[in-house]
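Inspection log for the structure reproduced underneath, given as structure tokens.
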Amino acid sequence: MSELGDFLARHPPFDTLDDDARERLAASASVVRYDSGAEIFNAFVEPIRSLSVVLTGRVELWNSPEAYEITEPDEILGVGGVFGYSSLLTRDLKGPRAVASGPVRLCQIPEDDVREVFTGQSGAVFLARQLSVRRRRSDPTPAHGTVDELIRTAPVVGQPSMTVRQAAVTMSDHDHDYVVIPTRSGEFGILTDGDIRARVVAPGLDLATPVSEVMTVPALTVPANSAAADALTLILEHDLTCVPVVGPSGELVGAVGPGDFVVAPAGPSVTLRRQVIEASSVSRLADHARRMPYLVADLVRSGEPSSEITRVLSLVHDAVIRRALELVLASHPELEPDAMTWMSLGSNARREPVLSSDVDSAVSFDDAVSDEMIDRYRAAFREVDDVLRSCGLPIDVNGAIASMPLFARRHGDWRAAARTWLDAPLDNQGMMFTSLLLDGRPIWGDQGLLAVAEVFADLRSHPGTLRLLLAETLTSKARLRSMRDVLARRGGTFDIKNHALTPLVNIARWGALSVGSSEVDTRSRLRAAAGSTMLSQDSATTLVEVFDTLQRIRLENQVDQLDRREDPSDVVTMRRLSPLDRSLIAQSVREIAAVQRRMGNTSQYTPVTEWGSGARSG
């Protein structure tokens with residue numbers, strides 16, 4: 001494959017074309033360079049004759065002819081960015097105006113060869129997301145940001161007394177694959193086309209069976225004003241065909257399924273996740289998984305909230321890990337997949353991963369699994385580690401990974417260990433394990449390792465342990481420069497994870513523990529602890545804003561590193577940031593440090609028994 005063909009294979013919408021089609025495009029394309037500030041074209045004024053793809057550098061786009069006098073562009077495209085398709089496909093003067101932001105190298109594909117690009121599924125998804133004129137970056141509300149914006153038709157509603165046959169006819173008449181059934185209790189049941197096949201046809205039940213006997217009730221629902229990314233998470237985590245959408249008073253207003261999210265900012269993740277799930281081999285899995293950074297880059301450039309970007313990335317991470325487990329365990333018939341629970345730990349468990357995040361994990365086995373079999377499982381998990389590395393996911397061999405003995409135990413062993421850590425957190429790395437496992441989220445198997453969280457739910461009755469955990473939490477100080485940085489003369493860089501985000505995440509974890517909250521993600525933990533003696537409402541609100549700001553800067557920095565073909569890291573070169581972002585980092589560090597000081601001071605004169613009082617989850 002040619003160098004240009006290989007480049008196109010890594011970027012949508014070219015990634016799903018076959019190799020021959022990509023090579024034809026590469027052969028017909030030309031590579032053009034533009035100096036900084038040069039106007040590449042103005043498609044509001046004159047027609048363009050080629051589709052442009054950014055090879056190196058950045059391109060600024062103005063999507064409205066009225067915006068020429070506005071300093072800030074509507075979009076800034078980096079490596080892999082595609083532009084010019086609107087005018088090219090419609091043959092109208094639809095824009096945009098494109099200007100080189102620094103030296104730029106472009107691949108330009110002649111219009112005669114472009115239409116083939118947009119006839120496949122990837123091209124259709126690409127157009128669905130891109131063809132509408134983007135809102136200006138100053139608009140804080142992204143298109144399709146909430147669930148109600150995704151509802152396209154009225155919901156299909158049935159009655160509890162109807163038969164399965166009548167429900168199927170109703171679905172057919174409305175051209176939908178579900179029917180929602182209101183119940184007397186005020187809840188909703190749901191029956192889908194897949195349910196009819198699995199619960200009625202397969203076991204040979206009569207189609208005259210009442211829907212009330214085979215429907216799912218109560219159905220999971222989502223509020224109409226909830227974030228689209230949250231609804232997508234619910235649907236994908238529970239493998240749902242669709243989910244009813246309810247209004248402020250609990251009334252049914254619609255239903256959404258995975259296909260409705262194609263036009264939402266997170267839409268491309270649905271396609272990528274499906275490709276990951278259906279990957280037939282390790283090599284195919286790696287091919288799909290290595291597109292994750294480009295998905296993140298697209299979302300960052302679209303101005304999506306950092307919390308939604310990381311949530312979407314965690315969904316794809318989960319799918320990659322599950323598929324890696326399936327492929328490896330399929331080659332080990334002696335290992336029983338149902339005898340284990342795989343736990344995601346760290347940032348992915350909190351649904352806060354970025355491009356530099358390691359894959360942290362632990363496993364809990366059924367109590368009947370022998371030591372010999374655990375050793376065999378761990379050998380297979382080392383193969384899983386290798387698969388994940390091939391997928392571009394970092395694995396820290398010195399960190400928390402399921403292939404290591406300390407992180408692969410039986411359910412009973414985990415529960416016993418948790419009790420030991422609760423009673424004596426200073427022994428046997430108790431505080432380290434506690435922090436890791438309290439972030440745990442099962443993505444394979446039963447809820448075995450949740451025993452750790454259950455044990456620590458009683459933390460408030462162990463004031464000594466709660467105090468020790470607070471001291472450990474406050475050990476990691478928020479600061480702009482460490483002594484190591486000073487001695488190494490690294491004044492021009494900032495480790496945004498270790499010196500800002502980790503202290504904040506630790507505060508949130510401890511805060512949730514202190515009020516007995518089971519929330520896992522940082523933002524929800526802060527909100528749960530808000531108003532407590534140790535974390536005021538104002539402090540919690542400020543830290544949520546600080547967390548979002550730091551995550552945004554972190555993601556933007558990593559996308560910039562990706563554009564420069566550098567490995568994404570958490571070290572930010574300050575001179576590369578805008579003056580505003582440099583100021584925001586400094587202010588964020590001051591806010592975190594101030595909360596740490598207040599928590600430390602408050603702990604000196606307030607009884608431990610009062611630390612969690614006043615919080616929402618109190």
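A compact table of results
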| item | result |
| --- | --- |
| Residue within the range 255-268 that is more than 30 Å from residue 11 (Cβ to Cβ) and either part of a loop (DSSP other than H, G, I, E, B) or not aliphatic (A, V, I, L, M) (or both) present | no |
| Criterion (at pLDDT 85 or above and closer than 22 Å to residue 296 by Cα) met by exactly one of 133, 82 | 82 |
| Number of positions in the range 358-369 that are under 12 Å from residue 399 (Cα atoms) and either in contact with a Pro (Cβ under 9 Å, 6 or more places away or on another chain) or not assigned by TED's automatic domain parsing to the domain that holds residue 321 (or both) | 2 |
| Tabulated pairs, the range 3-27, first hydroxyl-bearing (Ser, Thr, Tyr), second assigned to a loop (DSSP other than H, G, I, E, B), C-beta under 6 angstrom, 6+ apart or interchain | 16/120 |
| Residue among 168, 219, 208 that alone is part of a loop (DSSP other than H, G, I, E, B) and over 30 Å from the mean Cα position of the chain (by Cα) | 208 |
| Selection status of residue 61, under 19 Å from residue 303 (Cβ atoms), modelled with pLDDT of 85 or more and crowded, with 19+ Cβ neighbours inside 10 Å | yes |
| Among residues of the range 389-403, those that are surrounded by fewer than 17 Cβ atoms within 10 Å (Cβ to Cβ) and closer than 27 Å to residue 281 by Cβ, counted | 6 |
| Total residues in the range 389-404, condition touching a residue at least 24 places away in the same chain (Cβ under 8 Å) and in a helix (DSSP H, G or I) | 1 |
| Any hit, the range 96-110, residues being touching a helix residue (DSSP H, G or I) at 6+ places or on another chain (Cβ under 8 Å), part of a loop (DSSP other than H, G, I, E, B), at pLDDT 80 or above and surrounded by 21 or more Cβ atoms within 10 Å (Cβ to Cβ) | yes |
| Which listed residue, of 367, 375, 386, 338, is part of a helix (DSSP H, G or I), surrounded by fewer than 17 Cβ atoms within 10 Å (Cβ to Cβ) and in contact (Cβ under 8 Å) with a residue 24 or more places away in the chain | 338 |
| Pair list, Cβ < 9 Å and 6+ apart or interchain, from the range 38-49 residues that are more than 14 Å from residue 63 (Cβ to Cβ) to residues that are assigned to a loop (DSSP other than H, G, I, E, B) | 40/84; 45/93; 46/93; 47/91; 47/92; 47/93; 48/84 |
| Odd one out for residue 41 among (1) closer than 26 Å to residue 6 by Cα; (2) at pLDDT 85 or above | (1) |
| Residue match in the range 542-554 (condition: part of a helix (DSSP H, G or I), more than 20 Å from the chain's Cα centre (by Cα) and more than 21 Å from residue 355 (Cβ to Cβ)) | yes |
| Those residues of the range 185-205 which are of a type in the set (Lys, Arg) and either in a strand (DSSP E or B) or touching a residue at least 12 places away in the same chain (Cβ under 8 Å) (or both), in sequence order | 199 |
| Residues (modelled with pLDDT of 85 or more, of a type outside the set (A, V, I, L, M) and over 22 Å from the mean Cα position of the chain (by Cα)) located in the range 391-418 | 403, 405, 407, 409, 410, 411, 412, 413, 414, 415 |
| Members of the range 149-165 found to be assigned to a helix (DSSP H, G or I) and either outside the structural domain of residue 247 (by TED's automatic domain parsing) or of a type outside the set (Lys, Arg) (or both), listed by number | 149, 150, 164 |
| Every residue from the range 569-607 that is among the charged types (D, E, K, R) and in contact with a Ser or Thr (Cβ under 6 Å, 6 or more places away or on another chain) | 570, 591 |
| Residue match in the range 348-358 (condition: basic (Lys, Arg) and touching a Phe, Trp or Tyr at 6+ places or on another chain (Cβ under 8 Å)) | no |
| Selection from the range 16-48 of residues that are under 34 Å from the mean Cα position of the chain (by Cα), among the charged types (D, E, K, R) and in a helix (DSSP H, G or I) | 19, 20, 22, 23 |
| Complete set of residues in the range 568-610 that are acidic (Asp, Glu), buried (at least 16 other Cβ atoms within 10 Å of the Cβ) and at pLDDT below 90 | 581 |
| Scope the range 562-586; condition in contact (Cβ under 8 Å) with a residue 12 or more places away in the chain and not in a loop (DSSP other than H, G, I, E, B); matching residues | 562, 563, 571, 572, 573, 574, 575, 576, 581, 584, 585, 586 |
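The values are calculated or read from the model by the stated rules, or taken from the named source; none is laboratory data. All values reported here derive from a predicted model rather than from experimental measurement. All Cβ positions, glycine included, derive from the backbone under ideal geometry; neighbour counts span all protein chains shown.
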